[in-house]
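Scroll down for the structure; my scribbles are underneath it.
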Amino acid sequence: MKQSINIKNGDGYFYLEQLSPDTVLDGFSCLITEYNDYLFDDALRSQNDHVALTWLLRDRTSGEIVAYMSLIADAIKLSVSEKETHNLNYPFKTIPAMKIAKLAVSHTVQGKYKGLGTYMITNALTIARTCNRQLFACRFLTVDADIEHNESVIEFYQKNGFIPNAEMNNKRNKTISMRKDIYK
């Protein structure tokens with residue numbers, strides 16, 4: 001039976017660590033090769049170039065990387081009705097956000113744990129709220145849901161409170177732009 005992970009018990013099993021030049025990345029493998037390649041070949045370079053910060057979720061007992069996410073600054077265009085939905089009566093064309101640029105869970109732990117992706121989103125929300133209190137404003141957590149590699153990812157993000165952005169549209173249909181109001 002899979003162990004369900006959530007915000008109440010997750011910290012007992014795992015800890016977040018920011019990627020650094022000294023980080024050992026051995027052993028991580030998800031089912032999407034592009035996401036493995038990003039972690040091993042591009043994540044540190046992206047971090048050094050101030051393009052993305054990558055956070056690793058490690059098992060407290062084994063130290064194994066069980067998931068990772070890369071976070072970046074973002075801004076999204078909202079239609080008038082979308083702004084009304086969020087009670088945002090501002091003349092700005094864009095609203096500040098923080099984006100989950102990559103999110104991957106190791107296939108080696110998917111049979112053992114349930115809810116690691118949701119747990120990573122919860123950690124991203126915590127980081128966004130910390131930014132709002134201490135560093136800069138961001139109203140939304142955004143993601144370009146990768147339907148090219150996983151068509152059911154839309155349901156995963158919807159289950160976690162994300163909705164599609166009407167104003168954002170990927171013409172190649174490889175991703176669907178989605179948002180979650182950090183304060184709802």
From the list T33, T94, which residue is in contact with a Lys or Arg (Cβ under 9 Å, 6 or more places away or on another chain), polar (S, T, N, Q) and more than 20 Å from T118 (Cβ to Cβ)? T94
The one condition in (1) modelled with pLDDT of 90 or more; (2) open to solvent by 30 Å² or more (accessible area, probe 1.4 Å); (3) touching a strand residue (DSSP E or B) at 6+ places or on another chain (Cβ under 6 Å) that P21 fails to fulfil: (3)
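Table: residues versus (1) at pLDDT below 90; (2) in contact with a Cys (Cβ under 8 Å, 6 or more places away or on another chain); (3) open to solvent by 10 Å² or more (accessible area, probe 1.4 Å); (4) in a strand (DSSP E or B).
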{"site": "V66", "(1), (2), (3), (4)": "no, no, no, yes"}
{"site": "E84", "(1), (2), (3), (4)": "yes, no, yes, no"}
{"site": "P91", "(1), (2), (3), (4)": "yes, no, yes, no"}
{"site": "H107", "(1), (2), (3), (4)": "no, yes, yes, no"}
{"site": "T118", "(1), (2), (3), (4)": "no, no, yes, no"}
Looking only at the stretch 68-82, which residues are among the charged types (D, E, K, R) and either touching a Gly at 6+ places or on another chain (Cβ under 8 Å) or open to solvent by less than 90 Å² (accessible area, probe 1.4 Å) (or both)? D74, E82
Within the stretch 120-143, restricting to residues that are within 12 Å of G10 (Cβ to Cβ) and β-branched (V, I, T), the one that is least open to solvent (accessible area, probe 1.4 Å) is I121
State which residue is farthest from V105 (Cα to Cα) when the search covers only the stretch 5-18 and only residues that are in contact (Cβ under 8 Å) with a residue 40 or more places away in the chain and surrounded by 13 or more Cβ atoms within 10 Å (Cβ to Cβ). I7
Turns out the helices (runs of 4 or more DSSP H) fully within the stretch 1-54 with at least 1 residues that are in contact with a helix residue (DSSP H, G or I) (Cβ under 8 Å, 6 or more places away or on another chain) and of a type in the set (K, R) are none
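The values are calculated or read from the model by the stated rules, or taken from the named source; none is laboratory data. These numbers were taken from a predicted model, which means no experiment stands behind them. Neighbour counts are summed over all protein chains in view; Cβ atoms, including those assigned to glycine, are modelled from backbone coordinates with ideal geometry. Just the protein is used for accessible areas: all its heavy atoms, side chains included, with ligands, DNA and RNA removed. Shrake-Rupley method; radii C 1.70, N 1.55, O 1.52, S 1.80 Å.
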